[in-house]
Amino acid sequence: MKSIVITGSTRGIGYGMAEAFLAHGCGVAISGRTEASTQEAVSRLGDSYPPERILAQPCPVEHPTAVQTFWDAASQHFGHVDIWVNNAGISGPQSEVWMYSPSEAECIVNTNILGTIFGAQTAVRGMLSQGHGAIYNLTGFGSNGSTRVGMALYGTSKAGISYFTKALAKELHDSPLIIGTLQPGMVITELVMQHYVGKPDELARARGIFNIIADRVENVAPWLAERMLANRKSGSVLAYAPMWKLLPRFLLAPVSRRDVFAS
């Protein structure tokens, strides 16, 4: 049985990937920032999957000791860790960069960048010791150099993760480890929708482009999980929605009935 560790997996893409891995018969260690959020997610997953294949461990990723504790718990529970996914991340408010408070800026940088670095450091040390393993870092808007007003800090963090992952793959080129990048594209999650709370007009304007470029967790997460289980090449970029895949959606947009918000 393959064992998977996913940071930030109590909701959104992280939870979706946990569910997908469990559906493939894997053991999965999930984590949220708090004990309450982690246990609530485990309870939901436990309704459909054997509890012995699910491990719950709170892990605020900006604290390296918590990340190490997460590794230790998963390694002890499953005997080894086959795949470690650095998924935890926050976007913060959509605002001009000078409007962020120091604490808001620190939270984004610490969670997204340092959290990924600490997760990778911990997983690399553990996997080199056990002799195998794969590490995947989740990128997002900004990782390809795109910019948008109000997204400077989030985009900067994701651009940093993209560079870090490429550098990590080079540093581990001669090792048995696999390093990869996950590019889920635009996914309709709570992280995305929180920017439109109380802004119905803004959401109405965004729906058109979302229905072209976005997708739902239940489509994206299983695709990512399957590609991670199948991948054997370090340096791989697992991209759910490359431009060649989106182009037909743009061409068919005038007549398409696609609705990513439909329940």
Among residues of the range 224-256, those that are among the aromatic types (Phe, Trp, Tyr) and not in a helix (DSSP H, G or I), counted: 1
If you take the residues of the range 65-119 that are within 21 Å of residue 6 (Cα to Cα), β-branched (Val, Ile, Thr) and more than 19 Å from the chain's Cα centre (by Cα), which of them is surrounded by the most Cβ atoms within 10 Å (Cβ to Cβ)? 69
Go through the range 1-31 residue by residue and tally those that are under 20 Å from residue 76 (Cβ atoms) and either part of a loop (DSSP other than H, G, I, E, B) or in contact with a helix residue (DSSP H, G or I) (Cβ under 6 Å, 6 or more places away or on another chain) (or both). 15
Does residue 66 count as over 24 Å from residue 141 (Cα atoms) and in contact with a Leu (Cβ under 7 Å, 6 or more places away or on another chain)? no
I'd like the full set of residues that are touching a residue at least 24 places away in the same chain (Cβ under 8 Å), assigned to a helix (DSSP H, G or I) and of a type in the set (Phe, Trp, Tyr), limited to the range 54-110. 70, 71, 78
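Rundown of residues vs (1) within 27 Å of residue 216 (Cα to Cα); (2) among the hydroxyl-bearing types (Ser, Thr, Tyr); (3) modelled with pLDDT of 95 or more; (4) surrounded by fewer than 19 Cβ atoms within 10 Å (Cβ to Cβ), yes/no style:
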{"residue": "157", "(1), (2), (3), (4)": "yes, yes, no, no"}
{"residue": "167", "(1), (2), (3), (4)": "no, no, yes, yes"}
{"residue": "173", "(1), (2), (3), (4)": "no, no, yes, yes"}
{"residue": "179", "(1), (2), (3), (4)": "yes, no, yes, no"}
{"residue": "185", "(1), (2), (3), (4)": "yes, no, no, yes"}
{"residue": "188", "(1), (2), (3), (4)": "yes, no, no, yes"}
{"residue": "194", "(1), (2), (3), (4)": "yes, no, no, yes"}
{"residue": "198", "(1), (2), (3), (4)": "yes, no, no, yes"}
If I filter the range 112-144 down to residues being closer than 15 Å to residue 186 by Cα and not in a strand (DSSP E or B), which single residue comes out as modelled with the highest pLDDT? 139
Filtered residues of the range 145-164 (kept if part of a helix (DSSP H, G or I), among the aliphatic types (A, V, I, L, M) and within 13 Å of residue 92 (Cβ to Cβ)): 152, 153
Can you work out which of the residues in the range 34-53 that are assigned to a loop (DSSP other than H, G, I, E, B) and hydroxyl-bearing (Ser, Thr, Tyr) is surrounded by the most Cβ atoms within 10 Å (Cβ to Cβ)? 49
Near pairs, Cβ below 6 angstrom, 6+ apart or cross-chain, from the range 2-29 (farther than 19 Å from residue 69 by Cβ) to any residue that is surrounded by fewer than 24 Cβ atoms within 10 Å (Cβ to Cβ) and aromatic (Phe, Trp, Tyr): 22/49
The one condition in (1) farther than 27 Å from residue 125 by Cβ; (2) of a type in the set (A, V, I, L, M, F, W, C); (3) at pLDDT 95 or above that residue 105 fails to fulfil: (3)
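The values are calculated or read from the model by the stated rules, or taken from the named source; none is laboratory data. Remember, it's a predicted structure, so these values are computed and weren't measured experimentally. Every residue, glycine among them, receives a Cβ derived from its backbone with ideal geometry; neighbour counts consider all protein chains shown.
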